[in-house]
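Just so you know, all these numbers are worked out from the coordinates, no wet-lab data involved. Quantities reported herein were computed from a predicted structural model and do not represent experimental measurements. Glycine also receives a Cβ, built like all others from the backbone with ideal geometry; neighbour counts cover every protein chain displayed.
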């Protein structure tokens, strides 16, 4: 079953000017940005729209020093570019989650939710 929800863009693969996928997060009740999953490959239109909103992190990023798996059951890591985590993205997700609470399948990005503050996104671990 798929649902439409929101997540915060915390990092991208590719570059700030040409993002290929989004690494998405949600804040937990303690205010920490937690990784919830990765998007499917961005279409050209969505990639351009997102690129216009991305900026490098101001100060220390909550995911500094993290590595992100390249795929389910793989040993490789993604080459992630951290971004200021203040852009909210509407996504379609499968409700299946792994044992850490992350989405098991790639999220399908729809649109930027410029009217939403990242703290308005559902909290990590809450139902979508």
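Here are 57, 109, 118: which of them is in contact with a helix residue (DSSP H, G or I) (Cβ under 6 Å, 6 or more places away or on another chain) and surrounded by 13 or more Cβ atoms within 10 Å (Cβ to Cβ)? I'd like the intermediate steps shown before the answer.
Working: 57 fails: in contact with a helix residue (DSSP H, G or I) (Cβ under 6 Å, 6 or more places away or on another chain); 118 fails: in contact with a helix residue (DSSP H, G or I) (Cβ under 6 Å, 6 or more places away or on another chain).
Exactly one of 57, 109, 118 is in contact with a helix residue (DSSP H, G or I) (Cβ under 6 Å, 6 or more places away or on another chain) and surrounded by 13 or more Cβ atoms within 10 Å (Cβ to Cβ), namely 109.
Checking the structure you have, find out if any residue of segment 80-93 is surrounded by fewer than 18 Cβ atoms within 10 Å (Cβ to Cβ) and in a loop (DSSP other than H, G, I, E, B).
No, that holds for no residue.
Quick test of your reading of the structure: residue 19 fulfils all but one of (1) out of contact with any helix residue (DSSP H, G or I) (no Cβ under 6 Å at 6 or more places or on another chain); (2) surrounded by 16 or more Cβ atoms within 10 Å (Cβ to Cβ). Name the failing condition by number.
Going through (1) out of contact with any helix residue (DSSP H, G or I) (no Cβ under 6 Å at 6 or more places or on another chain); (2) surrounded by 16 or more Cβ atoms within 10 Å (Cβ to Cβ) one by one, residue 19 breaks only (1).
Between 7, 77, which is touching a strand residue (DSSP E or B) at 6+ places or on another chain (Cβ under 7 Å) and under 20 Å from residue 93 (Cα atoms)?
On inspection, the qualifying residue turns out to be 7.
Only one of (1) part of a loop (DSSP other than H, G, I, E, B); (2) within 12 Å of the chain's Cα centre (by Cα) is not met by residue 64, so which one is it?
All conditions pass for residue 64, except number (2).
Within segment 26-53, can you find the residues that are in a helix (DSSP H, G or I) and either more than 16 Å from the chain's Cα centre (by Cα) or free of Cβ contacts under 8 Å to residues at least 12 places away in the same chain (or both)?
Hits for segment 26-53 are 44, 45, 48.
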